[in-house]
Amino acid sequence: MKKVYARPRLLKKAVFHYCPGCGHSIIHRLIAEVIDEMKLGERAIGIPPPGCSVFAYNYLDVDMAESAHGRGAAVATGLKRAYPEAVVFTYQGDGDLAAIGTAETIHAANRGEKITAIFVNNAVYGMTGGQMAPTTIEHQTTTTTPYGRDVEIEGYPIKMSEIVAMVKGAAYVERVAVNSPANIRKTKKAIRKAFQTQLDGLGFALVEILSPCPTNWKMTSLESWQWAGEVMTREFPLGVIKDVTGGKDAA
């Protein structure tokens, strides 16, 4: 019998600690597959700041450099400039990249830093108890918005991909999701293209990934995947937001 599906070489043989239904484990696998298939294992350096994403170094068998909360893009900038042949990527949640890390992200993109940002958006602070995040949707309940997010008080959910796409140094920005097999395939393709954008020296690349968080959404795994596809995508539409790579496709 021909073996057609196996553990990626760069995915460590460790048991995932993530909650059932969480998208992080899927995304870890996709990143490992892409780096492996592109033969970048010896060049890749990942930066996972605090948050649920902080444990990426337990699972991805590539060099990792921890950063302070929100400073992923700043650390990635330093590493890329010190080691220009490296393929540097951040792995950040929405509470990190879209809150405390907003300035670092925007300015790294504006400078056209040749780095890749993997931005996992589950619309909530997942690690610290389910508080409202900058990406929490209007009327969404969290531990700090028990009656739902009120935009008159807390403001509107921030759309980081659209903001990043506005700056000149951003070369490739796409929003994808991991709530269905078809979307998972598109996510892998987007991650691959983001790395290729860096290899081609074209500028900053960001892939936003809508990811379920059943525990903090107070849903079953199935309900969370459905909510991500039916509700989150209305606020955060999927698709390519910016692509100045000249039509290059790394697939």
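The values are calculated or read from the model by the stated rules, or taken from the named source; none is laboratory data. Everything numeric here is computed off the predicted structure, so don't read it as measured data. Ideal geometry is used to build each Cβ from the backbone, glycine not excepted, and the neighbour counts take in all protein chains shown.
Any residue in region 223-245 that is surrounded by 21 or more Cβ atoms within 10 Å (Cβ to Cβ), under 22 Å from Leu40 (Cα atoms) and aliphatic (A, V, I, L, M)? Looking for residues that are surrounded by 21 or more Cβ atoms within 10 Å (Cβ to Cβ), under 22 Å from Leu40 (Cα atoms) and aliphatic (A, V, I, L, M), one finds none in region 223-245, hence no. Filtering region 197-222 to residues that are surrounded by 15 or more Cβ atoms within 10 Å (Cβ to Cβ), within 16 Å of Gly21 (Cβ to Cβ) and not β-branched (Val, Ile, Thr) leaves Leu210, Ser211, Pro212, Cys213, Pro214, Asn216, Trp217, Met219. A count restricted to region 88-114 and to residues that are modelled with pLDDT under 95 and either part of a loop (DSSP other than H, G, I, E, B) or at positive phi (or both) stands at 1.
Of all residues being closer than 23 Å to Val54 by Cα and among the aliphatic types (A, V, I, L, M) in region 134-163, which is nearest to the chain's Cα centre (by Cα)? Just the residue, please. Of everything passing the filter in region 134-163, Met160 is nearest to the chain's Cα centre (by Cα). Only one entry of Val34, Val54 meets the criterion of being modelled with pLDDT under 90 and in a helix (DSSP H, G or I), and that entry is Val54. Taken together, the residues in region 109-133 that are buried (at least 18 other Cβ atoms within 10 Å of the Cβ) and either of a type in the set (D, E, K, R) or over 16 Å from the mean Cα position of the chain (by Cα) (or both) amount to 4.
Whenever a residue of region 69-87 is assigned to a loop (DSSP other than H, G, I, E, B), its partners that are surrounded by 22 or more Cβ atoms within 10 Å (Cβ to Cβ) and small (Gly, Ala, Ser), lying with C-beta atoms within less than 6 angstrom and at least six residues away or across chains, give the pairs Gly70/Gly101.
Residue pairs whose Cβ atoms lie under 6 Å apart, separated by 6 or more positions or on different chains, with the first residue in region 117-138 and among the small types (Gly, Ala, Ser) and the second in a strand (DSSP E or B), are Ala117/Thr90; Ala117/Leu206; Ala133/Tyr125.
The residues on offer are Val178, Val240, and the sole one that is of a type outside the set (S, T, N, Q), at pLDDT 95 or above and closer than 15 Å to Val120 by Cα is Val178. Consider Ala194 carefully, then state whether it is buried (at least 24 other Cβ atoms within 10 Å of the Cβ), among the small types (Gly, Ala, Ser) and assigned to a helix (DSSP H, G or I). Judged against the criteria, Ala194 is a match. In region 4-15, the condition of being within 19 Å of Ile209 (Cα to Cα) and either among the charged types (D, E, K, R) or modelled with pLDDT under 95 (or both) is met by no residue. Is it fair to say Leu40 is of a type in the set (A, V, I, L, M) and not in a helix (DSSP H, G or I)? Here the answer is yes, as Leu40 does meet what is asked.
Restricting region 134-160 to residues that are in contact with a helix residue (DSSP H, G or I) (Cβ under 6 Å, 6 or more places away or on another chain) and not in a loop (DSSP other than H, G, I, E, B) leaves a set whose member that is surrounded by the fewest Cβ atoms within 10 Å (Cβ to Cβ) is Glu138.
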